[in-house]
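These notes concern the structure reproduced below.
The values are calculated or read from the model by the stated rules, or taken from the named source; none is laboratory data. Nothing here was measured: the structure is a model prediction, and the numbers come from that model. For neighbour counting, all protein chains shown are included, and Cβ atoms are generated from backbone atoms with ideal geometry for every residue, glycine included.
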Amino acid sequence: MNTQTAAAGWRGDLRRLSRSASFDIGVVIVLFWVACALFGPHLVPYDPFADDLLNSLMPPSFAHWFGTDQLGRDVFSRVIVGARDILTVAPIATVLSTILGTALGLTMGYFGGVIDEALSRIVDAVLALPTVIVALLALTALGTSNITVMVVIAFSFAPVIARTVRSAVLAERGFDYVAAAELRRENTFYILFIEILPNVLPPILVEATVRLGYAIFTVATLSFIGFGIQPPSPDWGLSISSNYGLIGGGFWWTVVFDGAAIASLIIGINLIADGIEGLRHD
Amino acid sequence: MPGNVGRAMLGPFADQAAVDVLNHEMGTDRPVLVQYADWISGFVTGDMGMSYAYRSPVAPFLGTALLNSAKLAAVAFVLVVPLGIFGGVIAALYRGRPTDRILSVVGLSATVVPEFVSGILLILIFGVWLRWFPISATWADGAGPLTQLYHLILPAIPLVLILFGYIARMARAGMIEALDADYTRTAVLKGLSYPQVIWRHVLRNALLPTISVIATQTVYLIGGLVVIEILFHYQGIGSLIYTAAKKKDFPMLQAGVMSIGALFALTTLLADLLYARLNPRIRFGGQE
C-alpha cells in the first residue's frame, strides 16, 4: 500500500468514527480533562494547595462551586488540577507497557518453540494474579513514587499486550513477505520491527487504548489505597481516600466531584476504544 | 523482599541492638534462600508460619479472611450471573436497536468505573441519605445468615457493576452466534415457536463461552475485593493482604497471595470441567 492511499484510508476511518455519537462524546470528555491537566493551574479560581482552616468543609456556594475540604481547600480547583498527575502517570505507563509488550509479543510469535513456551508461562504467571495485588506487592518492596507506579503498571500490563501481539504475529508469520525477507537474509531485528510490526499495528493500537483505560483505573485505585500518587497532590483517588471518612457526616461534596471526574475520564477513554474497535470489525 | 522487618516492627527510633535481636528471633537475618526453603517446605505441609505483626500463626487469620471473602464473592456472583446473562440475551434479541445500544453503553460504563467510586456513591445514597443499608459490612458477633446477607448487599453491588458488562458482552456475542447458526434456522423452518427455538436451541449453545468468562473474571473479582473490603471495613482476604503489605508482615502477605494464586488455578480447573460437562463436543476420550 503506498502512502497516499494509506492516508486516504486513515481519513476515511476518521470520518466514519466521527459519525459515531459515543465516540465523539468520548473525545470531548478526554480532551476536556487533557486541557484541565495542561492549563488547569492557570485557570482555577483558588490555589488548590492553599489551606483556609476558617472555611473548612463549606458546602457548595457561589464562592466555592464545589465547596471546600477539611483543610478549607477549594474542591473545584482541586478537581480541575487533579487531572494532572493521573494523566501523566497513566499514559506514560501505557506507552511503556505497549513498547515492552510489543517487543515481547513479536519475539514470542516470530520465534515460537522453546522461547515462546518459556515466555508464555511467565505471562500466564503474571496474569494469574490481579493487577492490584501485583502492584501492591511490588510497591511494598520498591516503595511508592510516581516512577515506581509507572514501572509496576508497565510490567503488569505488558503480558496482556504481548498476548495480543503474539497472536497477531502468528497470523502474519506464514505470509510470503516474511519468507522473502528471510531469503534476503535481513537481520531478525529488521524482520520483526520493519516488516512485521507495521502489519500488526492496528490491534496494538486498540489494545493500547483499552490499556490506557485500565491504567487510569489502576492508578486511581492504587492512589485510593495509599500505594499510588502521594499527598499533597490533588489527585482524585487520593482526595477520595482522605475524605471518605467524612461522608457519614454528610460532607458529600468532598468525594462526589472527584468520583465523577474519575468515572467520566475512564468512560470517555473506553468510548473511544470501543469506537476504534467497532471500526476494525466492520 | 527488601525492607528490614525488625526495623519496620519496632519503628525508626528503636535501638539497633533490639532490632538485631528481634530479627534473629524471627530468623529474618538468615540468607534469603534459607528463609525461602524454610517457608515453602512449611507451606506445602500447611504450616504458613507466624505473622510478624500479630506474633501468632498465620493460618487461622487466613481461614477467617477467606471465608468472609467467599461470602461477599458469593453474594456478588448470585446477583451478577443471572443479571449479566439476562442483559446479554436481551441485547442480542434486540440486536442493533436502541435497547441493544443502551445496554452496551451502560454495561461498558459500569464495567470500567473503579469499585471505590461506585462504592462511595452507593454508601452516600443508600447508606447515608436513605439509610436502607449499613455502611460497614462487618456484622455483630453471632449474627444470623440473613443479617450477614443484609450487610453484604451494598458491598457486593460495585463488584456486580464491574462484572455485569463482561458477562453481558459474552452472553450477547454467544447468543448472536447461536442465532445465526444453521441449526437455529433449521429449528425455525421445521416450525418450532420462537420461544421454543430460543429456549431449547439457542440459549444452551450461547451460554457456553459465558461460563469460561465468568471463571476468568474471578481473578479480577479478587483484585476488586481489596478495595471493597477497605472501603466497607470488612475482614476478608483483600484487606488481609492490604494490612499485611502496610505492616510489612511478610508471612501473612505471602500466605494471602499464594492462596489467591491457588484459588485462581482451582476456579480455572473447575470451569474447564464444567465446560466439558456441558459441551459433549470437547469431552475427553475414554467414554465411548
Some residue of the range B:125-135 being within 22 Å of the chain's Cα centre (by Cα), facing chain A (nearest Cβ under 10 Å), surrounded by 15 or more Cβ atoms within 10 Å (Cβ to Cβ) and under 30 Å from A:Asp235 (Cα atoms): yes
Any hit, the range A:78-91, residues being touching a Phe, Trp or Tyr at 6+ places or on another chain (Cβ under 8 Å) and surrounded by fewer than 17 Cβ atoms within 10 Å (Cβ to Cβ): no
Helices (runs of 4 or more DSSP H) wholly inside the range A:171-282 that include at least 2 residues being touching a residue at least 60 places away in the same chain (Cβ under 8 Å) and touching a Phe, Trp or Tyr at 6+ places or on another chain (Cβ under 8 Å): A:201-224, A:236-243, A:253-281
Filter result for B:Pro82 (more than 10 Å from chain A (Cβ to nearest Cβ), free of Cβ contacts under 8 Å to residues at least 24 places away in the same chain and surrounded by fewer than 17 Cβ atoms within 10 Å (Cβ to Cβ)): yes
Residue within the range A:134-142 that is of a type outside the set (Gly, Ala, Ser), within 23 Å of B:Gly119 (Cα to Cα) and touching a helix residue (DSSP H, G or I) at 6+ places or on another chain (Cβ under 6 Å) present: yes
Selected residue [over 17 Å from the mean Cα position of the chain (by Cα) and under 30 Å from A:Ile133 (Cα atoms)] from A:Pro198, A:Pro202, A:Pro231: A:Pro231
Residue check for B:Leu152: of a type outside the set (S, T, N, Q) and either more than 30 Å from B:Val58 (Cβ to Cβ) or within 13 Å of the chain's Cα centre (by Cα) (or both): no
Filter result for A:Val165 (surrounded by 19 or more Cβ atoms within 10 Å (Cβ to Cβ) and either among the aromatic types (Phe, Trp, Tyr) or within 14 Å of chain B (Cβ to nearest Cβ) (or both)): no
Selection status of A:Val152, of a type in the set (Val, Ile, Thr), under 23 Å from A:Glu277 (Cα atoms), part of a helix (DSSP H, G or I) and out of contact with any Asp or Glu (no Cβ under 6 Å at 6 or more places or on another chain): no
Of all residues making up the range B:222-261, the number that are among the hydrophobic types (A, V, I, L, M, F, W, C) and more than 8 Å from chain A (Cβ to nearest Cβ): 10
The range A:110-137, residues that are free of Cβ contacts under 8 Å to residues at least 24 places away in the same chain, crowded, with 17+ Cβ neighbours inside 10 Å and either over 30 Å from A:Leu170 (Cβ atoms) or of a type in the set (Val, Ile, Thr) (or both): A:Ile133, A:Val134, A:Leu137
Test: residue in the range A:113-124 that is within 16 Å of B:Gly223 (Cβ to Cβ) and in contact with a Pro (Cβ under 6 Å, 6 or more places away or on another chain): no
Qualifying residue in the range B:185-194 (condition: crowded, with 21+ Cβ neighbours inside 10 Å and either in contact with a strand residue (DSSP E or B) (Cβ under 8 Å, 6 or more places away or on another chain) or outside any helix (DSSP H, G or I) (or both)): no
Per-region count, the range A:223-250, residues closer than 28 Å to B:Pro134 by Cβ, more than 10 Å from every other protein chain (Cβ to nearest Cβ) and surrounded by fewer than 22 Cβ atoms within 10 Å (Cβ to Cβ): 3
Helices (runs of 4 or more DSSP H) wholly inside the range B:1-110 that include at least 2 residues being at pLDDT 85 or above and of a type in the set (A, V, I, L, M): B:58-93
Matching residues in the range B:140-154 - criterion: being touching a residue at least 12 places away in the same chain (Cβ under 8 Å) and under 10 Å from B:Lys71 (Cβ atoms): B:Gln148, B:Leu149, B:His151, B:Leu152
Every residue from the range A:49-108 that is among the aromatic types (Phe, Trp, Tyr) and in contact with a helix residue (DSSP H, G or I) (Cβ under 6 Å, 6 or more places away or on another chain): A:Trp65, A:Phe66
